[in-house]
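Read through the structure below, which is laid out as structure tokens, and then see the notes.
The values are calculated or read from the model by the stated rules, or taken from the named source; none is laboratory data. If you're wondering where the values come from, they're calculated on a predicted model, not measured in any experiment. As a convention, Cβ positions derive from the backbone with ideal geometry for all residues, glycine included, and neighbour counts pool all protein chains shown. Each accessible area value is taken on the protein alone, full model and side chains, heavy atoms only, with ligands, DNA and RNA left out. Shrake-Rupley method; radii C 1.70, N 1.55, O 1.52, S 1.80 Å.
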Amino acid sequence: MSKEEYEQLLAGKVLVNEEDHTREYKTASVGFCFLNINDYSPRQAYEFLRGIVSDYAAVMFEVDEKLLTPSYGVYAYVDKITEYYTTTYSIETFRPIKVSFNFMDRTHAVWHEIAKR
């Protein structure tokens, strides 16, 4: 996640992204894309998403799965993966629970709890 997106999220803004990624990438997703933490660690995901996503922060969310649309993506070093997308989200619908600003550190990544609002 970029610094701007992270700051807007914590400020309570509704984030909107209607970019159709199907035009430029091998994916069926539109808007904001998310991965399941049980499928890939943030470090693993960044390895195949490098150049597409920002490395400012990795955020873990608690979210009602009904707000996400299942999709797929094909990226470098991985086969077709399951990803999830939405065109809008906010701190009200996607509750951030943890954040890491050094998630790429294999041995010393630090995750900070994010206080409930």
Name every residue in segment 1-13 that is part of a helix (DSSP H, G or I) and farther than 22 Å from Lys66 by Cβ, in order of residue number. Lys3, Glu4, Glu5, Tyr6, Glu7, Gln8, Leu10
Which of the residues belonging to segment 6-53 are crowded, with 17+ Cβ neighbours inside 10 Å and under 12 Å from the mean Cα position of the chain (by Cα)? Tyr6, Gly31, Phe32, Cys33, Phe34, Leu35, Tyr40, Pro42, Ala45, Tyr46, Leu49
Taking interchain pairs and intrachain pairs at least six residues apart, which have beta carbon atoms under 9 angstrom, with the first residue in segment 4-28 and closer than 13 Å to Thr87 by Cβ and the second of a type in the set (Asp, Glu) and assigned to a loop (DSSP other than H, G, I, E, B)? Val14/Glu92
Within segment 76-85, is even one residue surrounded by 15 or more Cβ atoms within 10 Å (Cβ to Cβ) and under 17 Å from Glu5 (Cα atoms)? yes
If a residue has to be more than 14 Å from Thr88 (Cα to Cα) and β-branched (Val, Ile, Thr) to count, how many in segment 6-21 make the cut? 0
So Glu65, is it touching a Lys or Arg at 6+ places or on another chain (Cβ under 7 Å), over 14 Å from Phe32 (Cβ atoms) and either of a type in the set (A, V, I, L, M, F, W, C) or open to solvent by 80 Å² or more (accessible area, probe 1.4 Å) (or both): no
Can you find, within segment 14-54, the residue that is farthest from Tyr72 (Cα to Cα) among those that are in a strand (DSSP E or B) and out of contact with any Phe, Trp or Tyr (no Cβ under 8 Å at 6 or more places or on another chain)? Val16
In segment 88-117, how many residues are open to solvent by less than 50 Å² (accessible area, probe 1.4 Å) and either of a type outside the set (Phe, Trp, Tyr) or in contact with a Lys or Arg (Cβ under 8 Å, 6 or more places away or on another chain) (or both)? 9
Residues located in segment 73-88, provided they are farther than 12 Å from Ala28 by Cα and not polar (S, T, N, Q): Tyr75, Ala76, Tyr77, Val78, Asp79
